[in-house]
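Chemist: Sharing a structure, written as structure tokens. Questions coming.
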């Protein structure tokens with residue numbers, strides 16, 4: 001079993017709110033990521049989209065491209081249309097050697113809307129779940145045929161947010177549809193991440209570790225505010241700075257034989273939460289947890 005630690009650049013440059021770090025030079029971000037000790041980074045909006053250029057940029061910092069978020073619209077178009085739409089993203093990931101395809105349904109999502117309360121987020125009826133599951137499973141087949149594992153990212157403000165949604169998701173998708181185990185979105189969405197690891201080990205394809213400040217969420221997005229305003233208020237943070245038990249997360253991953261990337265991802269205002277300082281805390285927390293779980297010899301970064 002090999003576990004490798006990577007990071008999302010969202011703490012440095014927030015693609016959903018460009019005012020948060022949008023003027024930060026990419027080289028500065030990648031320099032921080034390397035010097036903190038990460039082996040790879042997920043794709044960010046500031047990254048070049050030309051494969052040769054991106055390979056050159058990441059190569060200067062000896063970083064792998066882990067993967068990157070892809071927004072699908074399977075509630076409004078069929079699998080064939082989605083497959084046609086994802087060609088550029090898939091080609092970029094394959095050219096850089098990525099093994100995971102992170103995807104989330106966004107056709108009716110509200111997480112990117114500053115003035116839309118999170119509690120108005122969309123839901124699917126049974127017919128919607130049947131159609132969505134079939135289409136997503138077909139996309140997963142296609143992605144797998146091209147050498148990548150599909151890792152669906154449940155997310156606040158989308159049709160897969162809470163425990164009931166996730167049960168419907170598993171019930172209506174085939175086993176080839178994995179998930180991105182995102183600890184922060186799980187806890188704030190009412191999903192027990194430890195239970196997901198235990199009950200669906202074969203579906204855990206990718207891991208995002210972020211911590212939460214529950215009281216901040218309860219007073220903002222968990223009440224009557226938007227997802228983005230919750231982020232701005234600080235409802236997310238890195239492992240070791242919130243309430244999630246990452247010793248237990250790592251123990252659970254060891255128990256199921258998880259092999260792959262573990263990504264630290266915590267969108268915060270970089271003017272209030274220095275990305276490098278928080279990344280250092282997050283990585284130390286996860287490495288300490290890996291050591292306690294008996295994973296230390298498997299840690300590659």
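Chemist: Regarding region 101-119, can at least one residue be identified that is modelled with pLDDT of 95 or more, part of a helix (DSSP H, G or I) and closer than 28 Å to residue 166 by Cβ?
Modeler: yes
Chemist: Out of 127, 138, 84, I need the residue that is more than 20 Å from residue 190 (Cα to Cα), in contact with a helix residue (DSSP H, G or I) (Cβ under 8 Å, 6 or more places away or on another chain) and in a helix (DSSP H, G or I). Which one? First the steps, then the outcome.
Modeler: Values: 127 fails: in contact with a helix residue (DSSP H, G or I) (Cβ under 8 Å, 6 or more places away or on another chain); 84 fails: in contact with a helix residue (DSSP H, G or I) (Cβ under 8 Å, 6 or more places away or on another chain).
After applying the criteria, what remains is 138.
Conditions tested, residue by residue: (1) surrounded by 15 or more Cβ atoms within 10 Å (Cβ to Cβ); (2) touching a helix residue (DSSP H, G or I) at 6+ places or on another chain (Cβ under 9 Å); (3) over 24 Å from residue 64 (Cα atoms).
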| site | (1), (2), (3) |
| --- | --- |
| 200 | yes, yes, yes |
| 223 | no, yes, yes |
| 243 | no, yes, yes |
| 246 | yes, yes, yes |
| 250 | yes, yes, no |
| 259 | no, yes, no |
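Chemist: Let me ask another. Is region 147-162 home to any residue that is surrounded by fewer than 15 Cβ atoms within 10 Å (Cβ to Cβ) and free of Cβ contacts under 8 Å to residues at least 40 places away in the same chain?
Modeler: Here is the first cut: in region 147-162, the ones surrounded by fewer than 15 Cβ atoms within 10 Å (Cβ to Cβ) are 147.
Retained after the next criterion (residues that are free of Cβ contacts under 8 Å to residues at least 40 places away in the same chain): none.
Taking every residue of region 147-162 in turn, none turns out to be surrounded by fewer than 15 Cβ atoms within 10 Å (Cβ to Cβ) and free of Cβ contacts under 8 Å to residues at least 40 places away in the same chain.
Chemist: May I pose another question? Go through region 280-301 and report how many residues are more than 30 Å from residue 232 (Cβ to Cβ), touching a strand residue (DSSP E or B) at 6+ places or on another chain (Cβ under 9 Å) and either outside any strand (DSSP E or B) or at pLDDT 95 or above (or both).
Modeler: First, the residues of region 280-301 that are more than 30 Å from residue 232 (Cβ to Cβ): 290-301.
Still in the running and touching a strand residue (DSSP E or B) at 6+ places or on another chain (Cβ under 9 Å): 290-291, 295, 298-301.
Retained after the next criterion (residues that are either outside any strand (DSSP E or B) or at pLDDT 95 or above (or both)): 290-291, 295, 298, 300-301.
Final tally of qualifying residues: 6.
Chemist: Whether any residue in region 117-130 is under 19 Å from the mean Cα position of the chain (by Cα) and over 20 Å from residue 182 (Cα atoms) is what I want to check.
Modeler: So far as region 117-130 goes, no, none of its residues is under 19 Å from the mean Cα position of the chain (by Cα) and over 20 Å from residue 182 (Cα atoms).
Chemist: To continue, here is another question. Of all the helices (runs of 4 or more DSSP H) wholly in region 198-279, which have at least 1 residues that are free of Cβ contacts under 8 Å to residues at least 60 places away in the same chain, in contact with a strand residue (DSSP E or B) (Cβ under 9 Å, 6 or more places away or on another chain) and more than 15 Å from residue 8 (Cα to Cα)?
Modeler: Values: elements: 214-219, 227-233, 246-255.
In region 198-279, 214-219, 246-255 are the helices (runs of 4 or more DSSP H) which contain 1 or more residues that are free of Cβ contacts under 8 Å to residues at least 60 places away in the same chain, in contact with a strand residue (DSSP E or B) (Cβ under 9 Å, 6 or more places away or on another chain) and more than 15 Å from residue 8 (Cα to Cα).
Chemist: Checking the structure you have, find out if any residue of region 79-95 is under 16 Å from the mean Cα position of the chain (by Cα) and either within 22 Å of residue 258 (Cβ to Cβ) or at pLDDT below 95 (or both).
Modeler: Looking through region 79-95, at least one residue is under 16 Å from the mean Cα position of the chain (by Cα) and either within 22 Å of residue 258 (Cβ to Cβ) or at pLDDT below 95 (or both).
The values are calculated or read from the model by the stated rules, or taken from the named source; none is laboratory data. Quick caveat, the model's predicted, so the values are computed rather than measured. No Cβ is skipped: glycine too gets one built from the backbone with ideal geometry, and neighbour counts run over all protein chains shown.
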